[in-house]
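Below is one structure; the comments refer to it alone.
Please treat every number below as a calculation from the coordinates, not as lab data. Keep in mind that what you see is a predicted model, and the values were worked out from it rather than measured. A quick note on method: Cβ atoms are made from the backbone with ideal geometry, for glycine too, and the neighbour counts reach across all protein chains shown.
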Amino acid sequence: MTALLELEEVTLRFGGVTAVDKVSFSVEEGEVFALVGPNGAGKSTLFNLVSRFYDPAEGDIRFRGESILKRAPHEIARLGIARTFQNIELFEQATVLQNLLVGRQRHRRGNLVSEMLFTPFVRAEERRHREAVEKVIDFLDLQAHREQYIAGLPYGVRKVVELGRALAIEPTLLLLDEPASGLSVEETQDVAFWIEDIKTQMGITVLMVEHDMHLVASVCDRVLALADGKMLALGTPREVQGHPRVIEAYIGAHGRSKVMA
Amino acid sequence: MDVLQLVVSGLANGCVYGLIALGFVLIYKATEAVNFAQGDFMMLGAFVCLGLTNAQFLGLPFWLAAPLAILIMGAFGYGLEVVVIRRMFGQPQVAVVILTIALGFVLRFVAGLIWGNQPVSLESPIAGRDVRFGGVVLGLDEVMVISVTVLLTVLLYFYFNRTRLGVAMQAASQNQLAAYYMGIPVKRLNSLVWALSGMVAAVAGILFASKGSIEPSIGLLGIKAFAAAVIGGFGSLPGALLGGIIIGLIEPFSARYIAAGYSQVMAYLLLFLILVFRPHGILAQIHSKKV
Amino acid sequence: MRTVFKTSYDADINLFRHRAQAGWYALLALLAVLLPWLVNVFWLGEATNMLIWAIAGMGLMVLVGQTGQASLGHAAFLAVGCYANVLYQQKLGLPFILSFPLGGLTAALAGVLVAIPTARLHGLYLAIATLAISILVDDLIVLSAPLTNGVQGLYAPPISIFGLTIDRYGNPYLFYWVVLVVAVLVVLLYRNILRTPLGRAFAAVRDSEVSAKAMGVNVAKAKAVSFGISAGITGLAGALMGHFAGIFNNETFNLLISIQLLLMIVIGGLGSIHGAFFGAIVVAILPQAIALARDAVTGALGVSSIAIPGLETAIFGAILIVFILFEPAGIYGRWVKIRTYFELFPFYRRDMFRRQRSYLRTERMR
């Protein structure tokens, strides 16, 4: 196994607050890696760093051994890194199908002129994109919602569409920001199965932020616990859950012992 | 001497822009709506005062007519918010912009119907008089404009930063729902802000009318005032005044030292450059969205 | 209600959803082509005017409706297209068949040039920047009088295509057909944009820039391309406007025209080609309707006809206010509702198109 994504001594400050403090870890190819920690620990901030929405003050982020710090945010998806958002950021005034098709931007091969003229090549491309998207729709059972506008969809379905849109990119690395937050027990179960399939059948590496420790324990190979932007413990879910500093961070700082139970 | 006069008249003009801009900023600060008809509010305020005081209309004494006009414009702003703007709840910012642009068309037309489309002068006691400072002769109207504007800006600044109501208004703009949960009467506050903005516009209108003749199309000055608000930094009260003064000064000086056709060009060129290089104005108030 | 069975992905890619729809549009096209035999010269002129506004409306719609970037300055691109087209003919001696597309291209280039520095601006701020552009272009036309003849304006020569002279007054039907052909081509172009990755990139930028970036859309580039296409189409409309008006100056393309264009597509319905056409119909018909109404009133009262300044814009503004308050989706939105009512009769529900109302979210956070 080789490291797909490596973070080395990454530090980010907002004004006087150090949101991420010398965080280093690497995600191996083919594993499911989770970031856990109390609110404000810097988990989503790490995602935003990998997405290049923020520039780290220090440190380096490497994907397949190459630094991505020189890349613009939109180039990240083209490298094969897809992500979802904690507070669902879908294209509201478009249908589910169109949302998933936006994920295909990475595979766009037509140019401006050929698209404006809709040449036979562009039509063939459209069929190809549609086929790829239909596979995602089948995988996530979204058939019933294909033509519906996002604005009218319930929360649970939106969450799935976000996952689908990220999968339509056909990524090598998938970043999931709280994929199960706000979902029912059954829906969370679905998410667990999907993540399992994404790993084993599609061969996609997953890095996720999640509060639901049952989900983390059932699907993740390794877990990194963070608090106040600092690394607390790294290891298997069982090791991290039992780590004294992790327990202290949860109970001491926020009293959220239930989450870790 | 020549330069001094340019400066003073530029300042006076700039203060009127600043006052209109103040109206924009008030509404923006408290409700995040943008009232593109603010210039037309100013125009309407001037005409209401004119209608009350000029001999050919009601002929009331000026010192009665002016406060009355300010009150009427306050009521107008309040009513407009209740009847029209409130329905825009939850619609995008640009929709309100478009609505108020259309409202401006209607207001200019109505003013033209009532008071005519020819230039008319307000019978104001501060028009056409001089004051002396040492050896310098200045128009009373210009001095009044400058001092009233500065006074009003300072008052409003303290209002927003020190009084309960002012702070509540700001809170409401950051997050209406949260403000509502905290027991802030969001709807009434919004109406009050529009009323306040109408009153400021009336003051601007009366001062402007004291400086020269008015006609319905002066409502279009609002666009220049809007540029002033942006240059100063949208959402900042001192910024609005600063922006107004900058534009007020640029105009006469570029007309004088470059060429007559350039007075407007330089103002809008500055606006464009500010937007490109410092998009949120000189006194900025905007932060990055969190995802 | 018609049920469409989709048997291939092409069903979603094709221009028409089903045969009957294609048939209706064919009928409309036939009517449009035959219009010169159906109406008199005056109304043919009005129809031409309407089509030109519709083209300009589609241009702005690409930017506002598809990409979500508000522009209060599109008259600037009308002006660039118009002046470029005529100047290429007069100064370079190019024929219309070349100068016209080149005029559009010049406007497109101007659009890209505006988009590059303003790429970081959102919503309101972009609207202000474009407003400044509109005013600046108006002034620049006056200041560069040696080229543009300043406030005196320029005279647009009759169109000449392969020796055939086309003049609005000399042979209005030919002029109408030229405009119709351009309009149809622009509609096709617009439809093609909508069904390709390009159009979806625009929609992504419109609905969420953050997530567009995460999906691999180069947001700045998408905005620049959208601006370019939008300004290019608008420039074509500007060139036609010049030939239609015959003579034009800076005032022909002032800020009020920019504003009117934006208000027009809002009345028509944002985000659809239909919206641009419906809006254009309102713009073209309104002055005539007002004139007819005024004649009726003055005739009934027995007084001589008087002109009321600002009446037209005021009524236009009032119509817009009514639409924004009661039908924000514009004429096209209302049309869709009525059509759905009849398609589903008697199963239409009032809340079918109800939108979720949300509390204001601050736009200070971007």
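Shielding of peptide C:117-127 by partners, expressed as the average count of other chain Cβ atoms within 10 Å per residue Cβ, is 5. In the protein assembly as shown, the alpha-carbon atoms span a convex hull of 204 Å³ per residue.
For chain C, the mean residue ellipticity at 222 nm estimated from helices alone is -23000 deg cm²/dmol, where every DSSP H run of n ≥ 4 contributes -39500 (n - 2.57) and the total is divided by all residues, rounded to the nearest 500. Nearest 0.05, what FRET efficiency do residue B:113 and residue A:2 give at R0 = 60 Å with Cβ-Cβ as r? Efficiency at R0 = 60 Å is approximately 0.15. With the cut-off at 21 Å, tell me which of the pairs B:224/C:221; A:135/C:221; B:29/B:224; A:159/C:221 have Cα atoms farther apart than that. Table pairs above 21 Å Cα-Cα are B:224/C:221; A:135/C:221; A:159/C:221.
A straight Cα-to-Cα reach below 25 Å connects residue C:223 with the lysines A:70, B:289, B:290, C:213, residues fewer than 8 places away in its own chain not being considered.
So which aspartates and glutamates can residue B:187 reach, going by Cα to Cα under 16 Å and dropping same-chain residues fewer than 8 places off? Those aspartates and glutamates meeting the cut-off are B:32, B:81. Centre-to-centre separation between the Cα atoms of region B:27-59 and those of region B:210-280: 20 Å. If R0 equals 35 Å, the separation of the Cβ atoms of residue C:188 and residue C:311 corresponds to a calculated FRET efficiency of about 0.40. Listed values for region B:192-201 are Karplus-derived 3J(HN,Hα) couplings in whole Hz (6.51 cos²θ - 1.76 cosθ + 1.60, θ = phi - 60°), namely 4, 5, 5, 4, 4, 5, x, 5, 4, 4, and x replaces Gly and Pro. Each other residue within a Cβ distance under 15 Å of residue B:189 adds +1 if Lys or Arg and -1 if Asp or Glu, for a net charge of +3. Computed about its Cα centre, the charge dipole of the protein assembly as shown is approximately 640 debye, with only Lys, Arg, Asp and Glu carrying charge at their Cβ. Dividing the summed helix terms, -39500 (n - 2.57) for each DSSP H run of n ≥ 4, by the number of residues in chain A produces a 222 nm estimate of -11000 deg cm²/dmol to the nearest 500. Annotation for region B:94-171 versus region A:61-114: alpha-carbon center distance of 50 Å. Spin-label pair residue C:32-residue B:154: with each label point 7 Å from Cα along the Cα-Cβ axis, the two points sit 6.4 nm from one another. Converting phi to 3J(HN,Hα) with the Karplus coefficients 6.51, -1.76 and 1.60 and the offset θ = phi - 60°, region A:214-230 yields 5, 4, 4, 5, 7, 10, 8, 7, 9, 9, 10, 9, 10, 8, 6, x, 10 Hz in sequence order, with x at every glycine or proline. Here's the list of aspartates and glutamates a cross-link from residue A:230 could span, going by alpha-carbon distance under 20 Å and ignoring same-chain residues fewer than 8 apart: A:6, A:8, A:9, A:21, A:55, A:58, A:60, A:177, A:178, A:210, A:239, A:248. In chain B, the DSSP-assigned H stretches of four residues or longer account for a calculated mean residue ellipticity at 222 nm of -24000 deg cm²/dmol, using -39500 (n - 2.57) per stretch and the full residue count as denominator.
Protection proxy ranking, highest mean first, for peptides A:7-18, B:43-54: B:43-54, A:7-18, where packing is the per-residue count of other beta-carbon atoms within 10 Å, averaged. The equivalent ellipsoid of region B:24-218 has semi-axes of 32, 21, 13 Å, largest first, where each one is the square root of 5 times an eigenvalue of the Cα gyration tensor. With the alpha-carbon atoms of region A:1-133 aligned to their principal axes, the span from lowest to highest coordinate is 53, 34, 27 Å, starting with the largest.
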